[in-house]
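Step one of this worksheet: look at the structure below.
Rule-based calculations on the coordinates, nothing more; no lab input. Please read these numbers as outputs of a predicted model, since none were measured by experiment. Because the Cβ atoms are built from the backbone with ideal geometry, glycine has one as well, and the counts that use them run over all protein chains shown.
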Amino acid sequence: MTSKALSGPAAIAALPRHRLLGEFSLWSADLANMERDLKRIEAHCDLHHIDVADARFTPGFLFFPDLVARIAALTARPIHVHLMVEAEIVEAQTRQFVEAGADLVSVHAETGEAGLRAAALARSLGAEAGVVLRLETPVSAVIPFLPHVAFVTLLGTSIGVKGQSLSGLAPARLTEARGLMRQAGREAEIVLAADGGIRHETVPLLRAAGAETVVLGSLAFGDPDLSARMDWLHGLKVGA
């Protein structure tokens, strides 16, 4: 059992903002050796990213509350749950994953009013809230969520499928999202995240476009020198 010094909104607010964050997608861990991989990345990870899929909003099923509860007991790092689920279950899923130990729950803007209620629910239960956009959704769809969230995550590939190349639209969408955050007066309070198509050659492009965290999969888990990989990532500058 590992105890956290901070949880929920306090843990998210304490994330370093002076460098690119390392957000590790546990979908890319060795699922048969999760505890081993958690130990390997603990010193390098700013937060864990856990995808949840209902096989309707996105292809396939991914992760469930009991597994998140077990992960939460093994790490001192914050847990970010990304709910890729339909509007009719997003509130119930938010409750289940907060109760399992999620510090941050991100819902999809495409779930509309149900997503806004889920974001409010996450906060009322002691977690932080975020919003995610599919690649094909106009960036302006985040506007209703901006007063209520601490993370805005833009997908740079089609949802729920590993191994895709980054869309050429992704950097400009990040720049647009940054502008909307600024207009809402919340640029300093919201972390701008990029998810999907994260490769050695794409991370500098995303960072230059304003990403403050990238969701790392094989780029981290497949690197034999994780310390050097994270030193490289931390050294990337906005606008570089």
Roughly what would the spin-label model give for Ser3 and Ser140, points 7 Å off Cα along C-beta, in nm?
5.1 nm
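Within 10 Å of each residue's Cβ, count the other Cβ atoms and sort Trp27, Trp232 from fewest upward.
On the way: Trp27 18, Trp232 15.
With the fewest neighbours first, Trp27, Trp232 line up as Trp232, Trp27.
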Given backbone amide H placed at 1.01 Å from N, residues whose amide H is under 5 Å from that of Leu216, ignoring those fewer than 5 places away on the same chain, are Glu23, Phe24, Ser25
If you take every DSSP beta bridge whose two residues both sit in the chain, what share of them, in percent to the nearest 5, is antiparallel?
5 percent
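Between His148 and Trp232, 0.36 nm times their residue separation minus their Cα-Cα distance comes to what? Could the numbers behind the result be given before it?
On the way: separation 84, 0.36 × 84 = 30.24 nm, distance 3.24 nm.
27.0 nm is the gain from fully extending His148 to Trp232.
How high is the FRET efficiency from Ala120 to Leu169, r the C-beta distance, R0 45 Å, rounded to 0.05? It would help to have the intermediate numbers written out before the result.
Numbers: r = 30 Å, r/R0 = 0.67.
FRET efficiency, Ala120 to Leu169: 0.90.
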Quick one: which residues, 5 or more positions from Val132 or on another chain, have an amide H under 5 Å from its amide H? H modelled 1.01 Å from N in the peptide plane, none for Pro or chain starts.
Val107, His108, Ala109, Thr153
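Quote the relative contact order of segment 33-144 in percent (integer), defining contacts as alpha-carbon pairs under 8 Å separated by 6+ residues. Display every interim value, and only then the final one.
Values: 193 pairs, mean separation 23.4, N = 112.
Here the relative contact order equals 21 percent.
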Please identify, among Gly217, Gly22, Gly112, the residue showing maximal mean-square fluctuation in a Gaussian network model of the chain using a 10 angstrom Cα cutoff.
Gly112
If you plug each phi of segment 225-237 into the Karplus form 6.51 cos²θ - 1.76 cosθ + 1.60 with θ = phi - 60°, what whole-Hz ³J(HN,Hα) values come out, in order, with x for Gly and Pro?
10, 5, 4, 5, 4, 6, 4, 4, 4, 5, x, 6, 10
Ordered by fewest other Cβ atoms within 10 Å, a rough proxy for footprinting exposure, Arg182, Arg134, Arg77 read Arg182, Arg134, Arg77
Using θ = phi - 60° and the Karplus relation 6.51 cos²θ - 1.76 cosθ + 1.60, list the HN-Hα couplings for segment 102-111 in order, rounded to whole Hz, with x at every Gly or Pro.
5, 8, 9, 10, 9, 10, 7, 4, 5, 7
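Calculate for the chain the 222 nm mean residue ellipticity that helices alone would give, adding -39,500 (n - 2.57) per DSSP H run of length 4 or more and normalising by residue count, nearest 500 deg cm²/dmol. It would help to have the intermediate numbers written out before the result.
Values: 9 runs with 82 residues, N = 240.
After summing the helix terms and dividing by the residues of the chain, the value is -9500 deg cm²/dmol.
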Can you match Cα extents along the principal axes in Å to one of these, [x] 42, 41, 34; [y] 47, 46, 33; [z] 62, 34, 33, based on a calculation from the structure here?
[x]
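Within 10 Å of each residue's Cβ, count the other Cβ atoms and sort Leu31, Leu47, Leu236, Leu104 from fewest upward. If you can, show how the numbers build up before the last one.
Values: Leu31 11, Leu47 23, Leu236 17, Leu104 28.
Ascending Cβ contact count within 10 Å gives the list Leu31, Leu236, Leu47, Leu104.
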In whole percent, what relative contact order does segment 126-175 give with Cα contacts below 8 Å and a gap of six or more residues?
36 percent
Neighbour cut-off at most 15 other Cβ (10 Å), DSSP loop, trypsin sites (Lys or Arg not before Pro), segment 37-74:
Arg56
Return the sequence-ordered ³J(HN,Hα) values of segment 212-217 in whole Hz as given by the Karplus equation 6.51 cos²θ - 1.76 cosθ + 1.60 applied to θ = phi - 60°, using x for Gly and Pro.
9, 8, 10, 8, 8, x
Quick check: Cα centre of segment 99-141 to Cα centre of segment 164-192, how many Å?
16 Å
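Can you tell me, using C-alpha contacts under 8 Å and at least 6 residues apart, the relative contact order of the chain as a whole percent?
Rounded, it is 20 percent for the chain.
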Quick one: longest stretch of the chain between exposed loop GluC sites (Glu not before Pro), exposed meaning at most 12 other C-beta atoms within 10 Å and loop per DSSP?
1-135
If the elastic network links every pair of Cα atoms under 10 Å, which of Leu216, Leu169, Leu180 fluctuates the most in the Gaussian network model of the chain?
Leu169
